[in-house]
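Below is one structure, written out as structure tokens; comments come after it.
The values are calculated or read from the model by the stated rules, or taken from the named source; none is laboratory data. As the structure is a prediction and not an experimental result, all values here were calculated from the model. Because the Cβ atoms are built from the backbone with ideal geometry, glycine has one as well, and the counts that use them run over all protein chains shown.
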Amino acid sequence: MKNMLDMNKTIYELCKENSRLKERLKSIGFENIADDKMLNTVGRVMTIPKGAKIKGYDINEVKEKLIKEGYHIV
């Protein structure tokens, strides 16, 4: 499926697989990932769960928002 998100993959990998994801992540609070420099450096080692923890976000709320945006979480 096109909108499948594997939470074990890095944000960089996920954004390369789905070009709209970067804007979706930005809209739910991951503003820094919209910067290509951040995506190409930190994004290569950061997963969505790790990023949520660092930002102080509840991962379940992040997942719910992504599901509402049409993504399937694995």
> Could you list, in sequence order, the residues of segment 1-50 that are of a type in the set (D, E, K, R) and closer than 16 Å to Tyr71 by Cα?
Replying inline: Lys2, Asp6, Lys9, Glu13, Lys16, Glu17, Arg20, Lys22, Glu23, Arg24, Lys26
> Residue check: is Glu23 outside any loop (DSSP other than H, G, I, E, B), among the charged types (D, E, K, R) and more than 10 Å from the chain's Cα centre (by Cα)?
Replying inline: no
>> Can you tell me which residue is nearest to Val74 (Cα to Cα) among those in segment 43-61 that are surrounded by 14 or more Cβ atoms within 10 Å (Cβ to Cβ) and without any contact (Cβ under 8 Å) to a residue 12 or more places away in the chain?
In response: Ile59
> When you scan segment 1-14, how many residues do you find that are at pLDDT below 95 and either under 14 Å from Lys63 (Cβ atoms) or part of a helix (DSSP H, G or I) (or both)?
Replying inline: 2
>> Let me confirm something: among Asn60, Asn32, which residue is at pLDDT below 95, not in a loop (DSSP other than H, G, I, E, B) and not β-branched (Val, Ile, Thr)?
In response: Asn32
